[in-house]
1. Per residue of the range 138-150, in order, report the coupling 6.51 cos²θ - 1.76 cosθ + 1.60 (Karplus, θ = phi - 60°) as ³J(HN,Hα) in whole Hz, putting x for Gly and Pro.
2. Taking 0.36 nm per residue of separation and subtracting the Cα-Cα distance, what length does fully extending residue 26 through residue 159 add?
3. Give me the accessible area per residue for the chain, probe 1.4 Å, as a whole number in Å².
4. Relative contact order, percent, of the chain when contacts are C-alpha pairs under 8 Å separated by at least 6 residues?
5. For the range 105-116, take each phi angle, set θ = phi - 60°, evaluate the Karplus expression 6.51 cos²θ - 1.76 cosθ + 1.60, and give the result in whole Hz per residue in order, putting x for glycine and proline.
6. Could you tell me which residue out of 19, 29, 48 lies farthest along the dipole of the range 1-94 toward its positive end? Charges go on the beta carbon: Lys and Arg +1, Asp and Glu -1, centred on the Cα centre.
7. When only DSSP loop residues count, what trypsin sites (Lys or Arg not before Pro) in the range 113-177 have their Cβ near at most 14 other Cβ atoms within 10 Å?
8. Treating only the Cβ atoms of Lys and Arg (+1) and Asp and Glu (-1) as charged, compute the dipole magnitude of the range 12-153 about its Cα centre; round to the nearest 20 debye.
Amino acid sequence: DQKALCVYSDLEEIAACAAKELLSLDCAAYTYIPWTEDLDWSRNRGEAFARIVRMNGRKCHIFRPRTFGREDDTYRAWLKEWLEKAPKPLGVFAANDYIAAQVLSCASVARIAVPGELRVIGVDNDLQICVHTAPPLTSILPDHEKAGFFAAELLADRLAHPKARLASRTFGPVAVI
């Protein structure tokens, strides 16, 4: 039962955008690296990505940390070990730019060549992250402007019709940056 007006990122469209970009690079395998906590948005984004990749006849794995909720050296050690063992070249879709930066950091420590052996894409186009990674991070830019418009529209409708059923809207990506 919905308790608030909501504007959501379209997980399917974001996943499809990432899959299209990575599939065009013809990798040996593909993977999704989720957020450090087991949250619905991250899990659903990864499942959508894996489904799309598999529908295209390619292998896709979802990284499963031994425990969720860890953002420490142990988590990075697990990720580094997993990346070292994965088939190459590997197409990596990260839950967001923060996780993508963690992937690039682990790849650097493991001496995995990016973009040669590892092709990474994140989500959010967080410039503080994207321009400060080596190499600079490829990221999906969500349509935040449309999200703001939808939020304002939902609020205006709610103010005009306070007893109306609560609504939600979704927005997709703008581009790969």
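The values are calculated or read from the model by the stated rules, or taken from the named source; none is laboratory data. Since the model is a prediction, treat every value here as computed from it, not as a measurement. Positions of Cβ are backbone-derived with ideal geometry, glycine not excepted, and every protein chain shown enters the neighbour counts. Calculation scope for accessible area: heavy atoms of the full protein, side chains included, ligands and nucleic acids excluded. Shrake-Rupley method; radii C 1.70, N 1.55, O 1.52, S 1.80 Å.
1. Calculated HN-Hα couplings, in order: 7, 9, 8, 8, x, 7, 5, 5, 5, 4, x, 4, 4 Hz.
2. Numbers: separation 133, 0.36 × 133 = 47.88 nm, distance 4.99 nm.
Net length gain for the segment: 42.9 nm.
3. Numbers: 9560 Å² over 177 residues.
That works out to 54 Å² for each residue.
4. 28
5. Couplings: 5, 5, 4, 4, 4, 7, 6, 9, 6, 10, x, x Hz.
6. Projecting each Cα onto the dipole axis, the largest value belongs to 29.
7. 163, 165
8. So the magnitude is around 780 debye.
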